[in-house]
Amino acid sequence: MKYKIVFSDIDGTLLNKERELSPLTIQTIKEVKKQVPVVLISARMPDAMYHLQEELDIRESPIIAYNGGLVLVNDQPISSVEIPMDILKAIHQFNTENNLNVHLSLYYNNEWYVPQTDFWAQREENNTKVSPQIKSNAEVIEKWTTEHKAPHKIMAMGEPEKIDEISEFLSKNYNDELHFYRSNKNYLEIANKKISKFSAIEYLLAHHFNISKEDTIAFGDNYNDVEMIGGVGMGIAVANARQEVLDVSTAVTANAKEDGVAQSLQKLFSL
């Protein structure tokens, strides 16, 4: 079967052990894009994806950011689903009243606010090559309320036992409204439950590309990739993927650190 589009997750899937694009990955995707569109899909903010697009020579392609919460075509949103402001206020209040001191990074489109420059902010800045603005969570809530905005993503970062407390609070109160998952033991990523990477793919295929999901390839590794990998025509898990992703995949390629995506694309597109 001739596939018509490729979607790839970034962290843990496309990047190597230095958290960069390898020369082989860059070369391979530049060749693939001559045949079909290649779209990056991630929990990241758009600003943290643009430099990767530029390296891959796919800057003209759409972007799916925030696990599907924001879909951009020509850098303009065609779909945007935020977390309700009252939920952000409740999470902030729980964090404050219980003296958890969990770092809450708040994201809206290309706005990223951190309460202070700490270990977590610096680590995320290192990983994404984007610098945050410093503003307390309370100040951001006030600002966004005035501007009629709400977050596309909340990233809770801290010690595992404190992240457990935030997770339990969300499970108890917002299980029907939120997606939240551990990207690692110190990170809890929070988004609106109405969206997923797969729902964003379906939206983009229908409203921009006019391509069926059966003609689609997607690569992924983590919990937020399960629905996507299970739903597209060919869902490919990298070897380092979570078991839940491996279980629903059509195929498994090499580890991300061994250029698994590039290896798979070379076979599929006869490069």
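The values are calculated or read from the model by the stated rules, or taken from the named source; none is laboratory data. Here the structure is a predicted model, which means the values were calculated and not measured. Virtual Cβ from ideal backbone geometry, glycine too; neighbours counted across all protein chains shown.
With ASN98, ASN67, ASN74, ASN109 as the choices, which residue is under 20 Å from the mean Cα position of the chain (by Cα) and farther than 20 Å from ALA191 by Cα? Quick ask: steps written out before the conclusion?
Details: ASN98 fails: under 20 Å from the mean Cα position of the chain (by Cα); ASN67 fails: farther than 20 Å from ALA191 by Cα; ASN109 fails: farther than 20 Å from ALA191 by Cα.
Just a single option satisfies the conditions, and that option is ASN74.
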query: Within the set of pairs 6+ apart or on separate chains, which have a first residue in the stretch 233-244 that is under 14 Å from ASP11 (Cα atoms), a second that is hydroxyl-bearing (Ser, Thr, Tyr), and C-beta atoms under 7 Å apart?
result: ALA237/SER249; VAL238/THR13; VAL238/THR253; ALA239/THR253; ARG242/TYR223
task: Answer yes or no as to whether ALA156 is in contact with a helix residue (DSSP H, G or I) (Cβ under 8 Å, 6 or more places away or on another chain) and surrounded by 17 or more Cβ atoms within 10 Å (Cβ to Cβ).
output: yes
- line: By residue number, the members of the stretch 13-46 that are crowded, with 21+ Cβ neighbours inside 10 Å, under 17 Å from the mean Cα position of the chain (by Cα) and not aliphatic (A, V, I, L, M) are THR13, SER42, ARG44, PRO46
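Answer yes if at least one residue in the stretch 54-67 is within 25 Å of PHE219 (Cα to Cα), outside the structural domain of LYS162 (by TED's automatic domain parsing), in contact with a Leu (Cβ under 8 Å, 6 or more places away or on another chain) and assigned to a helix (DSSP H, G or I), and no otherwise. Give the steps one after another, and end with the answer.
Filtering the stretch 54-67 down to residues within 25 Å of PHE219 (Cα to Cα) leaves 54-67.
Still in the running and outside the structural domain of LYS162 (by TED's automatic domain parsing): 54-67.
Still in the running and in contact with a Leu (Cβ under 8 Å, 6 or more places away or on another chain): 55-56, 58, 61-65.
Then drop every residue that is not assigned to a helix (DSSP H, G or I), which leaves 55-56.
Within the stretch 54-67, one or more residues are within 25 Å of PHE219 (Cα to Cα), outside the structural domain of LYS162 (by TED's automatic domain parsing), in contact with a Leu (Cβ under 8 Å, 6 or more places away or on another chain) and assigned to a helix (DSSP H, G or I).
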query: of a type outside the set (D, E, K, R) and surrounded by fewer than 20 Cβ atoms within 10 Å (Cβ to Cβ), is that true of PHE219?
result: no
